[in-house]
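Right, one structure below, let's go through it.
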Amino acid sequence: MTDLSIELEQYILDHIDEEGEVLKDLNRQTHVKMLQPRMLSGHLQGQILKMLCQMIKPTNVLEIGTYTGYSALSMAGGLEKEAHIDTIEINDELEPFISSFINKAGCGDKISLHIGDALEVIPTLDKKYDLVFMDGDKRLYNEYYDLIFDKLNSGAYILADNVLWDGKVVEDVNPNDTYTKGILDFNKKIKLDSRVEKVILPFRDGIFLIRKK
Ligand SMILES: C[S@@+](CC[C@H](N)C(=O)[O-])C[C@H]1O[C@@H](n2cnc3c(N)ncnc32)[C@H](O)[C@@H]1O
């Protein structure tokens, strides 16, 4: 990040709502106790997810890639009373940490945590979704997309995170870099898919905003 973008990000953070207490604690504890805390969405993206939920008013939300629960709790903060989130995390060591924060936030009824591989869990979910936040393994985005597509209501949105992948999408790709290749293949697939409307939101690491027609 350049000095200017660090300064601008701070300016943005200084002018938006403050992070709530539970999210602040979750953010802090993730940085103290977890590997790769950079994976956490953080306050700016969390606030955007919350407000997108307020706008879209989804009844059923699916998240692929819970990590420590920051994005799930952020989205929960923007949902209507009867709405529900299914969130899937493959790393079972994270379960106690995630569950303790879901409970701290009083979201036990709102968020169901599924521990397992999304490729195996998604086919077991017998629901239609209005919003999907895709944030799991970047090499599997195409597979997640194919699995969830028939489970989306028409007019449903997918938000796919990290689709600019630190700018690597416009650099020469190392043939062994399967992560960048996964993102490039996904972005191309979405571009060519006439069943959806799409735009890339160029903030943070890029979010593909996709709407099923
Ligand atoms: C970028 S982190 C998610 C960050 C979280 N959504 C947030 O915004 O704070 C990606 C997570 O996806 C999980 N993951 C990777 N592959 C997965 C899979 N196939 N199924 C479920 N979770 C997966 C990883 O273990 C990791 O915790």
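The values are calculated or read from the model by the stated rules, or taken from the named source; none is laboratory data. Because the structure is a prediction, the values reported are computed rather than measured. Cβ: placed from backbone, ideal geometry, glycine included. Neighbour counts: every protein chain shown. Side chains included, ligands, DNA and RNA excluded: accessible areas come from the protein's heavy atoms. Shrake-Rupley method; radii C 1.70, N 1.55, O 1.52, S 1.80 Å.
Heavy atoms only, probe 1.4 Å: what % of the accessible area of the range 36-80 goes to carbon and sulfur, would you let me know?
On the way: 860 of 1530 Å².
On the range 36-80, the fraction of accessible area on carbon and sulfur atoms equals 56 percent.
Full extension from D117 to K198: what is 0.36 nm times the residue separation minus their Cα-Cα distance, to one decimal in nm?
That pair, D117 and K198, stretches by 26.5 nm at full extension.
Hey, in the GNM for the chain with a 10 angstrom Cα cutoff, which one of L140, L192, L49 fluctuates hardest?
Comparing L140, L192, L49 in the GNM, the peak value goes to L192.
Quick one: accessible area per residue over the range 3-212, 1.4 Å probe, rounded to a whole number of Å²? Numbers along the way, then the final one.
Numbers: 11010 Å² over 210 residues.
Spelled out: the 1.4 Å probe surface of the range 3-212, per residue, equals 52 Å².
Holding the Cα-Cα limit at 24 Å, pick out from K50/K191; K110/K191; K138/K191; K151/K198; K151/K181 the pairs that are longer than that.
Working: K50/K191 26 Å; K110/K191 33 Å; K138/K191 17 Å; K151/K198 18 Å; K151/K181 26 Å.
The pairs that break the limit, which is 24 Å between Cα atoms, are K50/K191; K110/K191; K151/K181.
Taking the alpha-carbon distance from K81 and a cut-off under 14 Å, which aspartates and glutamates remain once sequence neighbours fewer than 8 residues away in the same chain are dropped?
D109
Taking the highest mean first, how do the peptides 144-151, 173-180 order by number of other beta carbon atoms within 10 angstrom per residue? Working shown, then result.
Numbers: 144-151: 16.5, 173-180: 12.5.
Going from most to least packed, we get 144-151, 173-180.
Among V121, V132, V61, which one moves the most in a GNM of the chain with springs linking Cα atoms closer than 10 Å?
Maximum fluctuation in the GNM of the chain, among the listed residues, is at V121.
Starting from the Kirkwood Rh over alpha-carbon pairs, what translational D in µm² s⁻¹ does the chain have by Stokes-Einstein at 25 °C and 0.890 mPa s? Write down the numbers at each step before the final one.
Numbers: Rh = 17.7 Å.
Answer, rounded: 139 µm²/s.
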